[in-house]
């Protein structure tokens with residue numbers, strides 16, 4: 001009897017030594033790392049408390065865990081030490097299995113990483129006739145880079161929390177600039193930032209007084225917006241039919257800095273947000289307009305309906321073509337001088 005009990009205790013002890021549960025923290029972004037070959041690693045740390053400087057690359061996977069960038073996770077994970085004969089070549093001898101997701105919080109810091117284009121300064125729109133400053137945030141190396149509209153600049157990120165940012169001294173090149181720019185005003189505002197708000201497509205910096213200093217729209221690495229969109233466009237054809245003989249041609253004016261669209265449908269004026277925009281996709285938000293009745297409403301009504309169906313664009317020379325989700329041409333415009 002005693003021998004049987006002892007055997008059971010021994011099995012239990014061996015099992016407890018080979019299997020244990022720990023609390024893991026998983027960072028909001030992955031990093032490039034080298035395992036058997038180049039790969040993307042999660043960053044993790046163990047324990048009940050999280051410390052910013054203690055992240056370590058995780059070269060394995062956690063069974064049952066669906067990782068989504070932009071969130072910090074607190075997990076309970078089972079670690080199971082596998083017998084040597086069950087370990088595949090070049091694999092971990094520990095099997096990690098998710099027990100429970102203890103917490104999942106948005107990490108606003110993850111959304112600031114990347115390239116940005118200035119949209120507003122001191123709460124107001126940027127003069128569209130100047131070269132717009134850019135900002136690149138490199139969280140991995142805690143630095144910023146960019147162009148003020150003429151000179152290049154760079155500097156360290158000394159502190160970044162969920163809502164606060166502190167920049168070190170920003171150094172800039174000093175070449176003479178012939179083009180119109182707002183570089184001095186921009187760099188001065190950049191030196192005054194203290195807090196921020198970040199979403200997927202917009203980054204806003206505020207001063208210590210809570211006033212908006214700078215606002216940016218995201219620039220995608222391989223999907224840069226064609227800056228020539230930023231102009232006034234007169235309608236040439238709608239659904240393949242010419243409308244140049246209409247009394248008042250519909251006109252579309254695109255403001256990239258503010259991500260806004262304004263214009264006239266040939267009768268009423270309208271304005272609204274640009275909901276999505278990259279190298280080939282364009283989608284308008286709700287376009288609000290005046291409501292007067294004109295002698296004929298056929299073209300205005302069809303023009304407004306077509307704008308809401310727009311999903312893509314193509315810009316060749318002075319011609320802008322807007323298409324629907326299937327790629328079918330809806331509207332074709334010519335640049336207005």
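The values are calculated or read from the model by the stated rules, or taken from the named source; none is laboratory data. Worth saying up front: this structure is predicted, and the values here are computed from it rather than measured. Here the Cβ positions follow ideal geometry from the backbone for every residue, glycine too, while neighbour counts run over all protein chains shown.
Quick check on my filter: what residues within the stretch 44-55 are in contact with a strand residue (DSSP E or B) (Cβ under 6 Å, 6 or more places away or on another chain) and within 23 Å of residue 142 (Cβ to Cβ)?
To start, the set of residues in the stretch 44-55 that are in contact with a strand residue (DSSP E or B) (Cβ under 6 Å, 6 or more places away or on another chain) comprises 44-46, 48, 50, 54-55.
Scanning the stretch 44-55 gives 44, 45, 50, 54, 55.
Being closer than 11 Å to residue 25 by Cβ, surrounded by 13 or more Cβ atoms within 10 Å (Cβ to Cβ) and either over 26 Å from the mean Cα position of the chain (by Cα) or at pLDDT 90 or above (or both) holds for only one residue in 96, 73, and it is 73.
Does any residue of the stretch 123-135 turn out to be closer than 13 Å to residue 186 by Cβ and under 17 Å from the mean Cα position of the chain (by Cα)? Looking for residues that are closer than 13 Å to residue 186 by Cβ and under 17 Å from the mean Cα position of the chain (by Cα), one finds at least one in the stretch 123-135, hence yes.
If you filter the stretch 205-214 down to residues that are without any contact (Cβ under 8 Å) to a residue 40 or more places away in the chain and touching a strand residue (DSSP E or B) at 6+ places or on another chain (Cβ under 7 Å), you find that the one that is surrounded by the fewest Cβ atoms within 10 Å (Cβ to Cβ) is 207.
Any chance the stretch 215-223 includes a residue that's in contact with a helix residue (DSSP H, G or I) (Cβ under 6 Å, 6 or more places away or on another chain), assigned by TED's automatic domain parsing to the domain that holds residue 118, within 24 Å of residue 185 (Cβ to Cβ) and touching a residue at least 40 places away in the same chain (Cβ under 8 Å)?
First, the residues of the stretch 215-223 that are in contact with a helix residue (DSSP H, G or I) (Cβ under 6 Å, 6 or more places away or on another chain): none.
No, the stretch 215-223 has no match at all.
Can you tell me which residues in the stretch 37-88 are in a loop (DSSP other than H, G, I, E, B) and touching a helix residue (DSSP H, G or I) at 6+ places or on another chain (Cβ under 6 Å)? Matches in the stretch 37-88: 70 only.
Being over 17 Å from residue 228 (Cα atoms), in contact with a strand residue (DSSP E or B) (Cβ under 7 Å, 6 or more places away or on another chain) and not in a strand (DSSP E or B) is a property that holds for residue 307.
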